[in-house]
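All of the numbers you see were taken from the coordinates with simple rules; none came from a lab. The shown structure was predicted, so the numbers you read here are calculated from the model rather than taken from an experiment. Every residue, glycine as well, gets a Cβ built from its backbone with ideal geometry; the counts of neighbours run over all protein chains shown.
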Amino acid sequence: MEKYDVKFKKKLGQNFLKNNNVVKRIVDVSGVDENSLVIEVGPGGAIMTRELAMKAKNVLAYEIDQDLSDELFKRLEGFDNVNVLFQDFLDSDLSGDVSNYEYDKLFFVSNVPYYITTPIILKLIKSGLKFNKIVMMVQKEVGDRFSTGPGSREYGSITVLLNYFYDIRKEFFVSKKEFVPEPKVDSLIVSFTEKENKLPLKDFNFFEKILHDSFQYKRKNIRNNLKSYDLKIVEKVLSDYNYDLTVRAEELDLEIFVSLANALYK
Ligand code: SAM
């Protein structure tokens, strides 16, 4: 069991893994090999960084907490294929940083800080980078939300957005007992593989906006949530799928949202 000489900062989502067997399982699921560049957000005490560095060609890690630097460099001694950038990942020039490397395969493998799970994924999508696989530790409820279908309580705009881009798999459950300090919630390892045949979309940002607006008020139907758009067009698209304006967003699948966004985009 790993011991850390660190003052954990709750506001930065600092719950470190302590069991190397869990780390090994995560890295195994990823399929990282010696031709790979791996991006990691939040190396923390480097437990996963070291395991990744043993398998990959290079690891590029972003850590926001400069106070971890002594501990981090001590634990990464001898690993000359790891570069840690001390900065907020959300402000980073990800594709610029990645362009400094030569690699055959690109991976993202991270026990991410949970308070920014969705912004991290959106940043990966918007970077335009082609990842062979994205493997993430997420809060269990969030993992359930990512991989559910229409009609379930967890189904939301992020579900539809992620399922547009990725095939999503729940890989395995990780108990809160595997972390120090112990968080309140259990976790899941989820993996994302980019879909080969995505539905044609006129504009990604507009699609994101339609999803946001459609799910804005969960109890309201589509007529209310999309009232600032041309409702005749909305009605026509819905009727093609045998729905009307009284339907709620949580009942509609990915293809219907793509059709709505494409029909409403000017
Ligand atoms: N990878 C380590 C592990 O598995 O034990 C630590 C994971 S801990 C859940 C999340 C890490 O992300 C912390 O080290 C935290 O300081 C870092 N972090 C939080 N916000 C960040 C951000 N915006 N950019 C980069 N790192 C961040």
Self-check item: Electrostatic dipole magnitude of the stretch 10-194 [Cβ: Lys, Arg +1; Asp, Glu -1; Cα centre; debye, to 20]
Solution: 680
Quiz prompt | Options 47, 20, 139, ranked by Cα towards positive dipole end of the stretch 10-194, top entry (Cβ charges) | solution = 139
Quiz item: Under 21 Å from the Cα of residue 126, which lysines turn up, not counting those fewer than eight places away in the same chain?
Solution: 105, 195, 198, 202, 209
Quiz item: Sorted by packing (mean other beta-carbon atoms within 10 Å per residue), highest first, where do 19-28, 159-168, 190-199 land?
Solution: 159-168, 19-28, 190-199
Quiz item: Tally Lys and Arg at +1 and Asp and Glu at -1 over the other residues with C-beta under 15 Å from the C-beta of residue 219: what net charge comes out?
Solution: +3
Quiz item: Hey, how many Å between the Cα centroid of the stretch 89-167 and the Cα centroid of the stretch 168-184?
Solution: 17
Quiz prompt | P(r) of the stretch 158-236 over all Cα-Cα pairs, binned every 10 Å from zero, in whole percent | solution = 15, 30, 27, 21, 7, 1
Quiz item: Which of 100, 36, 76 sits closest to the plus end of the dipole of the stretch 1-103, meaning its Cα is farthest towards the positive end, when Lys and Arg get +1 and Asp and Glu get -1 on the C-beta?
Solution: 76
Quiz prompt | Paramagnetic reach from residue 182 in the stretch 1-23 [backbone N under 20 Å; point 7 Å along Cα→Cβ] | solution = 1-11, 13-23
Quiz item: Among 231, 254, 217, whose Cα lies farthest out toward the positive end of the dipole of the stretch 204-264, if unit charges sit on the beta carbon of Lys, Arg (+1) and Asp, Glu (-1)?
Solution: 217
Self-check item: Estimated D of the stretch 1-103 in µm² per second, where Rh is the Kirkwood radius over Cα pairs and Stokes-Einstein applies at 37 °C, 0.692 mPa s
Solution: 233
Quiz item: In the chain, if every C-alpha pair distance is counted and binned at 10 Å from zero, what percent goes to each bin?
Solution: 6, 28, 31, 20, 11, 3, 0
Quiz item: If you count the DSSP beta bridges with both ends in the chain, what percent of them are antiparallel, to the nearest 5?
Solution: 45
Exercise. Please go through the residue pairs 10/170; 18/123; 140/170; 140/176 and name each one whose alpha carbons sit more than 20 Å apart in this structure.
Key: 10/170; 18/123
Quiz prompt | Dipole magnitude of the stretch 204-264, debye to nearest 20 (Cβ charges: Lys/Arg +1, Asp/Glu -1, about Cα centre) | solution = 340
Quiz item: Which whole-number percent gives the relative contact order of the chain, counting Cα pairs below 8 Å spaced six or more residues apart?
Solution: 16
Self-check item: Length gained when the stretch residue 80-residue 122 is fully extended (0.36 nm per residue, less Cα-Cα span)
Solution: 12.1 nm
Quiz item: All other residues with a Cβ under 15 Å from the Cβ of residue 32 taken together, and with Lys, Arg as +1 and Asp, Glu as -1, what is their net charge?
Solution: 0
